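In what follows, a single structure is set out as structure tokens and then discussed.
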Amino acid sequence: MENESAVLALAALAQPTRLQAFRTLVQHEPEGLPAGELARLLEVPQNTLSAHLSVLARAGLVSSIRHSRSIVYRADLVQFREVALFLLQDCCGGRPEVCAPVIESLTPCCPPKRKEKTRV
């Protein structure tokens, strides 16, 4: 990852509404959320949220797909992982043992959501 890409992603997350939008989308992976539902959950006007989602999309942190008349947004966890790894890349001046506790703490606190099997 280039410095410029990392700065763009970190700047996108350095705003309260965008950070909360990204965190909410992470909570709703892998299904994502329609823009209107995300606006309702965050209690922000849809046009305001649209501007914030554009910033996150330019930074590569969210993606969208049109479903009929709504647009569903998803967090791009691969890109976010790249940002986190970029920050840890030169961890502690080449002394990885110093960063081991940080890296260990990056394991998810919750098991991944499993899709329920439909019974026929």
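The values are calculated or read from the model by the stated rules, or taken from the named source; none is laboratory data. These numbers were taken from a predicted model, which means no experiment stands behind them. As a convention, Cβ positions derive from the backbone with ideal geometry for all residues, glycine included, and neighbour counts pool all protein chains shown.
Assorted remarks:
- Answer residue from segment 32-75, given it is at pLDDT below 95 and of a type in the set (D, E, K, R) and is nearest to Pro16 (Cα to Cα) among those: Arg66
- Single residue of Glu82, Glu104 found to be within 23 Å of Leu56 (Cβ to Cβ) and either modelled with pLDDT of 70 or more or not polar (S, T, N, Q) (or both): Glu82
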